[in-house]
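Only one structure is covered here, and it is reproduced in the block below.
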Amino acid sequence: MCSEPEKLKLVRCAIKTFPDFPTQGILFRDICPLLKDPKAFKAVIDLFEDHLRKKFPQIELIVGLDARGFLFGPILAQRFGIGFVPVRKKGKLPGPILCVSYHLEYGQAEIEIQTDSVQAGQKVVVIDDLLATGGTMSATCDLLKKVGADILECLVVIELKELNGVKKLNSVPLHSLVQF
């Protein structure tokens, strides 16, 4: 078992950077190599679990953003013995849903959640792979507030600090493993 700094180093080293993708001037941070490396992937889950156990003993649900929050959220929920709830892009969930729209750099998007998936007052943690400008994470928090959830914290593997997405979270705490 490696120590926390060693685990963080494993995670950071497994993230690959692609300059000028998808457009000129963008440094794309790719988690695919992290997913391929079982030690690095386990380190992510271990680090999230350790952090949450120390900070929030009473988590009731993990909420994951479409689609990469689905990679980390269910495993983390299993470790806590709690449920996982997906927040999806519009049109992907059956049954009664609650929807919120939000602005992207180049347009508008909508996300939704099934109306019976989170109860008012439930203590939830929101998870995704990356926080950039904060639009999707902020919209997810808005959606959860509409159903009355108690959002304890947002978790991401990577935070792109220069884009200052944390500001859009409006006082919802953020925990990121790696910052660029």
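Every read-out reported here was derived from the displayed coordinates using simple, explicitly stated rules and does not represent laboratory data. Just so you know, these numbers come straight off a predicted model, no measurement behind them. Glycine also receives a Cβ, built like all others from the backbone with ideal geometry; neighbour counts cover every protein chain displayed.
Structural remarks
- Among the residues making up segment 94-119, those that are touching a strand residue (DSSP E or B) at 6+ places or on another chain (Cβ under 9 Å), of a type in the set (A, V, I, L, M) and more than 30 Å from K42 (Cβ to Cβ) are I97, L98, V100, A109.
- Some residue of segment 95-110 being crowded, with 20+ Cβ neighbours inside 10 Å, in contact (Cβ under 8 Å) with a residue 12 or more places away in the chain and either acidic (D, E) or closer than 18 Å to H51 by Cα (or both): no
- Pairs linking a residue in segment 7-29 that is within 15 Å of L131 (Cα to Cα) to a residue that is part of a helix (DSSP H, G or I), with Cβ atoms under 8 Å and 6 or more positions apart or on different chains, are I15/P33; I15/L34.
- The set of residues in segment 18-43 being within 20 Å of P74 (Cα to Cα) and in contact with a strand residue (DSSP E or B) (Cβ under 6 Å, 6 or more places away or on another chain) consists of I31, P33.
- Taking strands (runs of 3 or more DSSP E) as the structural unit, those lying wholly within segment 1-76 and holding at least 3 residues that are under 19 Å from the mean Cα position of the chain (by Cα) correspond to 27-30, 61-65.
- Segment 130-151 - residue that is farther than 27 Å from D30 by Cα and part of a strand (DSSP E or B) and, of those, nearest to the chain's Cα centre (by Cα): I151
- Answer residue from segment 156-180, given it is crowded, with 18+ Cβ neighbours inside 10 Å and touching a residue at least 60 places away in the same chain (Cβ under 8 Å) and is nearest to L76 (Cα to Cα) among those: V157
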